[in-house]
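Enquirer: Quick one: the structure is below, questions incoming.
The values are calculated or read from the model by the stated rules, or taken from the named source; none is laboratory data. Being a predicted model, the structure only gives us computed values, none of them experimental. Please note: Cβ atoms are built from the backbone with ideal geometry, for glycine as well, and neighbour counts cover all protein chains shown.
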Amino acid sequence: MLSDKGIAYLKKHEPIGCRDQFTADILKEKGIDAYFTGCLTLTLDSYKVLDSERTDNVYIVDPLYSYPRAEKTFYSPKMTVKSILNGEAFQLNKKHKHLKKFISKDLLDSAEFINQEPPSNTYSDEEKFKMAETLLNKYAKAKLVITSRIHCALPCLALGTPVIFVNGFDSFVDSCRFDGILELFNRVDVNSKTGEFSATFPLDNGMITKNTKIANLEKHHSLSSALKKTVNEKMNSLQISPSNVS
């Protein structure tokens, strides 16, 4: 992307909106007019429901998915051998061990766990869109969502669904892609080596429980409003009606 050809292309189409601040800063260093926009999933408020339609369901979506997990370890013989050699195959209990430090057993037992990343090359694009819409409708009616997926947490902000982002990432790449985004969430920050954690909101006796009640920080509205304005202006310039955009 940052080859001479890539830079020339981006400069031709500037200004460039960037999902995270780190990317915007990198492009600016290359002389490209760029700015932080946040993610388009912040504009999914059309799926929002009335509070009277909200259920008591709590969804835990791909928590600490960067940890060793069976789906990845046993995805193929090659992955299994690799996981044995690097030791990850012997750490499959690590995720649950760390989760139970800050989520009560009651809640872990009663919540519905969701895998938001289906196996690749398994579903058609149409099936994937239907699956995504089903998830959005579930999240819209949830009492609480706990997740390590930004593309679950960001839509929940748009939907008005209370969401807790579990940040167990420690790589440079992850810290870059979250720049400007993490501060939008109520968070639990987890040390991936020790399981020690801190929360940016009050816990119930040091844990997230069935009785935990949080309100989203509502810091995303300026980003979502700006995104809608930009998209609508672009569609109007191309004479595209929003109703014709699938």
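Enquirer: Please determine, by comparing only the residues of the range 98-131 that are among the small types (Gly, Ala, Ser) and modelled with pLDDT under 95, which one is farthest from Ser66 (Cα to Cα).
Expert: Looking at residues that are among the small types (Gly, Ala, Ser) and modelled with pLDDT under 95, I get Ser124.
Enquirer: Within the bounds of the range 138-155, is there any residue that is assigned by TED's automatic domain parsing to the domain that holds Asp62, touching a His at 6+ places or on another chain (Cβ under 8 Å) and either of a type in the set (S, T, N, Q) or without any contact (Cβ under 8 Å) to a residue 24 or more places away in the chain (or both)?
Expert: no
Enquirer: Taking the condition at pLDDT 95 or above, out of contact with any helix residue (DSSP H, G or I) (no Cβ under 6 Å at 6 or more places or on another chain), over 23 Å from His151 (Cα atoms) and not assigned by TED's automatic domain parsing to the domain that holds Ser104, does Lys5 pass?
Expert: Considered against the rule, which asks whether it is at pLDDT 95 or above, out of contact with any helix residue (DSSP H, G or I) (no Cβ under 6 Å at 6 or more places or on another chain), over 23 Å from His151 (Cα atoms) and not assigned by TED's automatic domain parsing to the domain that holds Ser104, Lys5 comes out as no.
Enquirer: Let me ask something additional. Taking the conditions exactly as written (within 21 Å of the chain's Cα centre (by Cα) and either modelled with pLDDT under 95 or buried (at least 17 other Cβ atoms within 10 Å of the Cβ) (or both)), does Leu92 satisfy them or not?
Expert: Against the criterion (within 21 Å of the chain's Cα centre (by Cα) and either modelled with pLDDT under 95 or buried (at least 17 other Cβ atoms within 10 Å of the Cβ) (or both)), Leu92 does not qualify.
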